[in-house]
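First comes the structure, then the notes that go with it.
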Amino acid sequence: MKGCRSIRIREFDIRIIIVYFKPNSLGMNWINDTHFCNDLETIPVPHIGTILVTGATGYIGGRLVPELIYRGYHVRVLVRKLSPEQKKQWPGAEIVEADALDLNRLIPALEGIHTAYYLIHSMLMGPKQFEQAESLAAKNFRLASEISGVKRIIYLGGLGDITTRLSTHLRSRMRVADELMKGTRVPVTILRAAVIIGSGSASFEIIDNLVRKMSVIILPVSAKSKCQPISIRDVIKYLVGVLEVNETAGKSFDIGGDKVYDYREMLTVYSKMLNRRILFISSPFGGINLFSYLTSLLTSVPAPIVFCLMKSLKHDVVVQNDTIKNYLKFPNVDYKVALLRAINREEQDKLSTRWSDAYPPAHVLAIKLVEVDQTRLYTNRYSILTQKKSSRLFEAICTIGGKKGWFNSNFLWKARGFIDKLLMGVGTGRGRKTKNTLQINDVIDFWRVEKLDQDQLLLLRAEMKLPGKAWLEFKIDQVSKDNLLTINAYFLPKGFLGHIYWYLFLPFHYYIFYDIIKNLAKDQ
């Protein structure tokens, strides 16, 4: 193998018809466990018309869309920005582009819709910004639904006692529900849930990280409040079920599991499952902001999400209105079983959606490398010539990050990730969704896949806290009978600090990037 290094500075529409039947009624107990609604007793009603799903790039919406398509519905997915990979992500779905904050663009997107699922939230903006954005988005959605002739809206909100002073997050969830119900033309079904447990959910990953990493957990006094966690499977069943029971239109329901816990008990149950001995200490000192910040450092979930979730700790979030049982009768998944399912999915590497799919806010609107003025970019390149086949090289490239790490550069990578966490960034704890495969918009630690050309190119966009924008490109070019593997680091500085940052970290690039490609090129 030969190595070289160079630095350049500044320089036809197919409609799929699905025939639905209940597998259990035919004795088909062997059917794949992928779909949550196989045992749902309601009957699909695809004849009612097109179903719109907002928030499909998020954790809940990403699991709802396949269930609806599986049950025979024609689904339209609303996204803020169209991208080529969405057709692969939602095969059989119609995809439209609109922003809930722009009423004029929203109206045509809702034309011809019978029922619209409102799963939009702006929590990822952080506690100071999301309330105003959520209220405006809900108002626009209500107005656009009335103008476009939508027949129903289904909204998933949060539990909380409205007679008490709620956290910013829970209060905003209530305001969204109120805003959607202000209209008189479109009946709204409200489902209100607390902590949702499932593989890839932010709540589960916080619990999982704390229990696996900590031997001593200091809890605020507010952790004694009550919570009624619910499995992601049950949430999806309720969302689909109320669509198929017309009598639920215009009504509000609380949904939750069968048991109520305090937050210490939730952690204790999981620690016993993992055979972990943990000492819990209740502390009367320190506000919820401090505990939220410390938790964000210890978990893979970024600070803005942790802050919004943990500020709800001081409130009881339990079911007060269980009349949903009059319409949808199925046994709820026990909290312990929900945890077991989440663990199994994580270990089997079969996460269909994850909280990081929609983080950071508006990542789909982020500037792409192809859109950047190339003359403003700083570039650093490292190349190596190898006889390893391009397919095997690309396969190796697609395994970087996560638990496997970044070869011998792990220490520097983790150090940079820890600094990012201290700055309330994403850090490296996000890992990756799958072990061996990647697709556009997947997360790899503090990177996100921006472009992928099989056996040729992988382009990653940085989502860490930086005084500028950064990209990392892995490229394979054929040179005679060999392959040239290249890493290109691109940086678009923001202000004077951006230029200083580039030159400050430039000496470390050799130890990080050349080490990576050298290990990728090894014929193992």
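Per-residue extension of 0.36 nm, minus the Cα-Cα distance of Thr437 and Ile281, leaves a gain of 52.0 nm for this segment. For the stretch 310-466, the spherically averaged projection of the C-alpha convex hull amounts to 14.4 nm². This structure gives Cα extents along the principal axes in Å, computed directly, and of [x] 85, 51, 47; [y] 79, 62, 37; [z] 71, 63, 51 that value is listed as [z]. With θ taken as phi - 60° and the Karplus curve 6.51 cos²θ - 1.76 cosθ + 1.60 applied, the whole-hertz 3J(HN,Hα) list for the stretch 492-501 is 10, x, 10, x, 5, 4, x, 5, 4, 4 Hz, x standing for glycine and proline.
Where does the chain land at 222 nm, in deg cm²/dmol rounded to the nearest 500, when only DSSP H runs of n ≥ 4 count, each adding -39500 (n - 2.57), divided by all residues? Write down the numbers at each step before the final one.
Values: 15 runs with 166 residues, N = 524.
Calculated mean residue ellipticity at 222 nm is -9500 deg cm²/dmol.
Here Tyr238, Tyr359 are placed in order of increasing Cβ neighbour count within 10 Å, fewest first, which gives Tyr359, Tyr238. The trypsin sites (Lys or Arg not before Pro) of the stretch 453-517 that DSSP puts in a loop, and whose beta carbon has at most 15 other beta carbons within 10 Å, are Lys465, Lys481, Lys494.
A Förster radius of 30 Å combined with the Cβ-Cβ distance from Glu85 to Asp334 puts the calculated FRET efficiency at roughly 0.25.
Tell me the net charge near Asp254. Cut-off is 9 Å between Cβ atoms, Asp254 excluded, with +1 for each Lys or Arg and -1 for each Asp or Glu.
Numbers: positive: Arg192; negative: Asp322.
Within the 9 Å Cβ shell, the charges total 0.
Note on Ala415 and Val96: their simple-model spin labels are 5.2 nm apart, each label 7 Å out from Cα toward Cβ.
Spin-label model, Ser391/Arg376: points 7 Å from Cα along the beta carbon direction are separated by 4.2 nm.
Please arrange Leu40, Leu290 by counting, for each residue, the other beta carbons lying within 10 Å of its beta carbon, fewest first. Mind showing how you got there, number by number?
Working: Leu40 20, Leu290 12.
Fewest-to-most ranking of Leu40, Leu290: Leu290, Leu40.
Suppose we keep just the DSSP beta bridges with both residues in the chain; what percent of those would be antiparallel, to 5?
On the way: 45 of 77 bridges.
About 60 percent, rounded to the nearest 5.
The stretch between Lys251 and Leu497, if pulled fully straight at 0.36 nm per residue, gains 83.2 nm over its current Cα-Cα span.
Which net charge results for the neighbourhood of Ala470, defined as the other residues with beta-carbon distances under 10 angstrom from its beta-carbon, given Lys and Arg at +1 and Asp and Glu at -1?
Values: positive: Arg461, Lys469; negative: Glu463.
Net local charge, Ala470 excluded: +1.
If you take every residue apart from Thr184 with its C-beta less than 13 Å away from the C-beta of Thr184, what net charge results, scoring Lys and Arg +1 and Asp and Glu -1? Present the calculation step by step, with values, prior to reporting the outcome.
Numbers: positive: Arg142, Lys182, Arg185; negative: Glu146.
Within the 13 Å Cβ shell, the charges total +2.
Spin-label pair Ile367-Ile343: with each label point 7 Å from Cα along the Cα-Cβ axis, the two points sit 4.6 nm from one another.
With a 10 Å Cβ neighbour count serving as the proxy for reagent exposure, in which order, fewest first, do Val75, Val370 appear? Could you put the intermediate results ahead of the total?
Working: Val75 23, Val370 9.
Placing the least packed residue first, the sequence is Val370, Val75.
If you plug the beta carbon distance of Glu111 and Leu504 into 1/(1 + (r/R0)^6) with R0 = 45 Å, you get a FRET efficiency near 0.30.
Please compare each pair in Lys465/Lys494; Lys237/Lys259; Lys213/Lys404; Lys272/Lys421; Lys311/Lys469 to a cut-off of 23 Å on the Cα-Cα distance and tell me which ones are over it.
Numbers: Lys465/Lys494 12 Å; Lys237/Lys259 18 Å; Lys213/Lys404 18 Å; Lys272/Lys421 29 Å; Lys311/Lys469 31 Å.
As for pairs spanning more than 23 Å Cα to Cα, those are Lys272/Lys421; Lys311/Lys469.
Only the coordinates and a few stated rules stand behind these numbers; no lab work does. This structure is a prediction, so every number in the text was calculated from the model and none was measured. No Cβ is skipped: glycine too gets one built from the backbone with ideal geometry, and neighbour counts run over all protein chains shown.
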